[in-house]
Amino acid sequence: CLQNGDTFLHRCVGTNVVAAQVKASRKEETEDGRKSLNAVQVERQEQAERSVLISCHSRTNERKFLKYFSRHGDINKYFFYESYGMYAVVEFASQEGVASLLEGAAIPSIDYESVVPFKSRSFSLRNLGLAESPNQQSGKLCQPQTTIPINELIKKLSKEQSIDQQITSLTEAYQLTEENIRLRFLVCSLLKDIAAAYFPECTIRPFGSSVNGFGKLGCDLDMFLDLDGISGRNMAKSGLSLEYQMKRATSERAVTQSILSVIGECVDQFGPGCVGVQKILNARCPLVRFAHQPSGFQCDLTANNRVAMKSTELLYLYGVLDPRVRCLVFTVRCWARAHGITSSIPGAWITNFSLTVMVLFFLQRRSSPVIPTLDHLKELAGPADKSVIEGNDCTFVSDFSKIQVQSNEETLEQLLCGFFEFYATFPFSRMSINIRKGKEQNKPEMNPLHIQNPFETSLNVSKNVNTTQLERFVALCQESSWLLQQSDTTTPSASSQGDTPVPWGLATLLLPSQVAGIKGRKKKKREPASEMIKSLLESLKNKNPQNNS
Ligand code: CTP
Ligand code: MG
């Protein structure tokens with residue numbers, strides 16, 4: 001009998017390209033089971049191609065649901081979730097299951113409206129003429145697709161017994177779940193079906209935080225339309241040969257813009273559940289932005305964005321090298337969001353990507369480094385790792401086992417403390433953050449914050465950040481560093497108010513700040529630090545986490 005969450009052995013359809021890639025990518029697994037990002041992507045893509053998205057009634061009976069879908073083929077995995085209604089993802093053991101489903105589905109007939117007859121793998125499950133069964137599984141069996149609210153997180157963390165446990169607990173609460181990752185790959189795969197109308201050999205791959213290991217539930221879905229799989233024969237050396245007639249454009253950028261413009265139009269006009277489509281084609285990296293309602297994801301579709309794919313791979317590699325990297329990045333990202341250092345609205349704020357690079361740099365700068373520099377990873381690269389994209393050298397080692405384990409044994413608490421201390425006193429006005437060298441460099445330009453793009457080295461990842469935002473970041477680092485040195489903060493609270501434990505440790509750092517609220521920042525700045533800190537401690541003692549929403 002099938003259980004929600006069961007995974008059965010794959011019976012792959014041997015004929016398609018993806019299945020062949022899966023076989024090849026198995027080699028890319030180290031002895032301890034760590035997989036390369038490429039291997040993960042190929043496996044997940046193949047899984048997604050055998051999956052369908054079902055909109056169903058919230059009172060759908062799970063047993064009948066399974067019976068219905070099993071008639072079309074063996075099911076490897078299924079799960080329910082809520083997003084503007086109830087949905088399910090069903091992964092068949094083979095693509096024949098999907099084909100059978102497509103064959104058996106009806107075209108909706110709606111009074112007073114017409115439909116675009118584009119058949120996708122998004123379906124609605126109708127239950128006509130049958131009484132709905134009472135809901136046996138909604139609620140507890142629905143897989144969450146968003147994080148718990150900050151005040152609940154603060155409560156949860158306050159119950160932990162050490163700061164290290166708090167950091168681990170935060171990471172577990174925030175990281176993407178297995179189901180959410182499947183859903184992300186499924187949305188890419190559904191979108192590929194639209195793009196494939198023009199480019200049958202294309203793939204759409206997620207990049208950024210959906211796959212780099214640092215994604216939080218609810219983060220956006222960055223997608224890359226990959227046309228590199230489109231290939232042709234080499235020209236014959238002599239005699240007659242054919243070449244394709246192809247439309248020409250003035251530059252790669254112009255080609256990207258026209259492709260994204262057309263695909264964006266298709267997504268808008270034909271894509272089930274795709275709403276609010278915006279074509280942002282004049283950005284440095286042209287993109288189509290839209291919301292995919294059935295999954296609840298905010299999507300950014302780009303093309304020809306290979307350097308970003310490389311930086312995703314690099315971040316993934318750093319995350320896999322040492323588990324402390326992910327824990328620290330999650331904690332710093334959450335801390336930054338709680339204090340409005342990062343924002344979901346674009347502007348002069350520090351971005352999550354910049355913050356991640358700052359954490360990596362800090363980890364390289366420990367007296368015994370936690371992770372190696374990018375230059376070192378480049379030295380370890382083999383011939384197959386060589387990669388030059390648009391003149392940028394993006395070479396670094398892909399075989400994890402060639403990278404020597406570092407000897408640093410600091411605890412998560414020590415590292416978190418160290419992070420705040422490091423940036424509380426970093427000479428931002430003169431120096432640039434550089435993970436390639438693992439050492440600060442003189443700033444090449446006068447932007448308040450300079451973080452060198454690891455691959456496009458002439459670019460500053462944090463060019464958008466203004467002085468106010470940088471000052472807020474520094475003030476908050478100072479405050480958090482100070483808090484982590486107080487025994488009041490660092491001792492687990494024995495007492496509680498009702499069932500609400502008194503915030504301590506990391507939970508304290510997520511409470512509203514006293515220094516960086518920052519409307520009267522100038523005034524506060526003139527106050528002696530000792531006074532400021534005294535009042536801060538007083539207010540923290542009585543703080544109610546409910547205020548932080
Ligand atoms: N990227 C980059 N240079 C930048 C910004 C982004 O190379 N200046 C790449 C990074 O690989 C990044 C990805 O594009 O991970 C996606 O960018 P973004 O969505 O801004 O960041 P995420 O890492 O996905 O973080 P978030 O969870 O905030 O979306
Ligand atoms: Mg993103």
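At-a-glance table
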read-out	value
Quarter of the Cα convex hull surface for segment 384-495, i.e. its orientation-mean projected area (nm²)	10.6
Calculated P(r) tail over 15 Å for segment 412-463, as whole % of Cα pairs	49
Rg and Dmax of segment 27-90, Cα atoms only, in Å	15.6, 45
Linear extension gain, Ala348 paired with Glu409, 0.36 nm per residue minus alpha-carbon span	18.4 nm
Square roots of five times the Cα gyration tensor eigenvalues for segment 187-251, Å	35, 13, 11
Ser162-Asp399 FRET efficiency (beta carbon distance; Förster radius 35 Å; 0.05 resolution)	0.50
Per-residue Cβ neighbour rank within 10 angstrom, fewest leading, Val98, Val515, Val90	Val98, Val515, Val90
Orientation-averaged projected area, Cα convex hull of segment 137-224 (nm²)	7.5
Unit charges at the beta carbon, dipole of segment 76-123: most positive-side option, Gly97, Tyr87, Ser109	Gly97
Separation between Cα centres of segment 296-318 and segment 232-293, rounded to whole Å	18
For segment 337-448, Kirkwood radius (reciprocal of mean inverse C-alpha pair distance, Å)	16.1
Ordering of 340-351, 219-230 by packing [mean C-beta count within 10 Å, highest first]	219-230, 340-351
Ratio Rg/Rh [Cα only; Rh per Kirkwood] for segment 60-122	1.00
For segment 221-345, Kirkwood radius (reciprocal of mean inverse C-alpha pair distance, Å)	18.0
Likely footprinting exposure, Tyr244, Tyr316, Tyr78, fewest C-beta neighbours within 10 Å first	Tyr244, Tyr316, Tyr78
Rg over Rh, two decimals, segment 231-305 (C-alpha only, Kirkwood Rh)	1.17
At q = 0.30 Å⁻¹, base-10 log of I(q)/I(0) for segment 323-383 (Debye sum, equal scatterers on each alpha carbon)	-1.21
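None of the figures in this text is laboratory data; all of them are computed from the coordinates on show. What you see is a predicted model; the values in this text were computed from it and never measured. Here the Cβ is made from the backbone with ideal geometry for all residues, glycine too, and neighbour counts use every protein chain on show.
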